[in-house]
Every structure is written in structure tokens, then in C-alpha cells.
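Here, each number is a calculation from the coordinates, and none is a lab measurement. If you're wondering where the values come from, they're calculated on a predicted model, not measured in any experiment. Because the Cβ atoms are built from the backbone with ideal geometry, glycine has one as well, and the counts that use them run over all protein chains shown.
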Amino acid sequence: MKEPFEQVVQRHGARVLRVCRAVVGPVDADDAWSETFLAALRAYPDLPADAHVEAWLVTIAHRKAVDVVRRAARQAVPVADLPERAAPGGADERDLDLWSALAALPTKQRHVLAYHHLGGLPYEQVAAIVGGTAAAARRAAADGVATLRRTYVPADLPADLSAVRGARA
């Protein structure tokens, strides 16, 4: 017997939000998260009882995140002066620094890192979502992590450790 949908949201909601943030950024993550669970709510009654719910939700989140990115690209409005952009609630400077580092990665590496490390999916399922083989997904994740280790220095890292870390790169 399947658990009630409310419990599915409670159990997997935070993980799906982390995946959405990694894929679309902190500003649009809430929209992607909401659309993910609205679509999941509609489809949940037809989901087989033995389905891997977490993988199913991450797959929906991937598709909804792509939709959010496409929609945002179509709705650009030119303005003379850009307004100041406030940080979204709950995001501190370190979160935004990490997002910047993730955003600099190639799309496939960013998505593989999000689905495997944040979404908890095995590489076989990640490959099914992004395309390719499990070995290619594993390689993309390793390359992405290596790049982050070279380029991302957390703001709260002590100066003496920053120097050591810079020497490693």
C-alpha cells in the first residue's frame, strides 16, 4: 500500500528542493519545486506501489526545472536600469557563492552532481535522466567535483586554509 501523498512531500520535499536549487538556482527553485509536487500529486494515484518514489520525484523535478528555465528565457523584459536583486529568503552569502560555483560548471556536470549528490540517485538512474551511460555520469560527477575543489573557496574558510587549498590547485 502506498503512503499518503502528504508523507511523500514531507519525506522527499527538502531533497527535491535541493535538486531544484542546484539545477535552476536559488531564485527559481521554489517555482520548480511547486510545479514538481503539483505534477506528482496528479500522477501519484497511478504510480505503482513498488515504484522508487524518490527517483520518480527527481525525474519530475528535472523536467519542471527545465520548463522553468525555458519559461524564464522567453519572458525577458528589457529595462533601462536593472533593479537591485535581493537575496531570496533563507539563502546566505555562502549559498549564493556555492550557486555561482555550480552555475559555472557545464550543464551536464551540474545536473549529475545535483541528481547524484543532492538527489541521492545512483548513477544508473542519473544516466537515464540526463542521457548517456552510468560511466559517463560518474565521469561527469568526478569532473564537476574536481572543478569545484579547484574553484570554490567557502567565504568562512580560514585564511591559512585558503592558502593551502590554493596551493593544491
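Quick notes on this one:
- Highest mean packing first, where packing is the average number of other Cβ atoms within 10 Å per residue, the peptides 101-109, 13-21 line up as 13-21, 101-109.
- The Rg/Rh ratio of segment 109-157, with Rg taken over Cα atoms and Rh as the Kirkwood radius over Cα pairs, comes to 1.06.
- Taking 0.36 nm per residue of sequence separation and removing the Cα-Cα distance, the residue 142/residue 63 pair yields an extension gain of 26.1 nm.
- Over segment 3-81, the pair-distance histogram of Cα-Cα distances with 5 Å bins from zero comes to 3, 15, 27, 21, 14, 9, 5, 3, 2, 1, 0 percent, rounded to whole numbers.
- Average projected area [Cα convex hull, segment 11-53], square nanometres: 3.2 nm²
- When each of the peptides 118-126, 44-52, 143-151, 63-71 is scored by how many other beta carbons lie within 10 Å of its residues on average, the order from highest to lowest is 118-126, 63-71, 143-151, 44-52.
- Packing order of peptides 26-34, 54-62, highest average first: 54-62, 26-34 (average count of other Cβ atoms within 10 Å over each peptide's residues).
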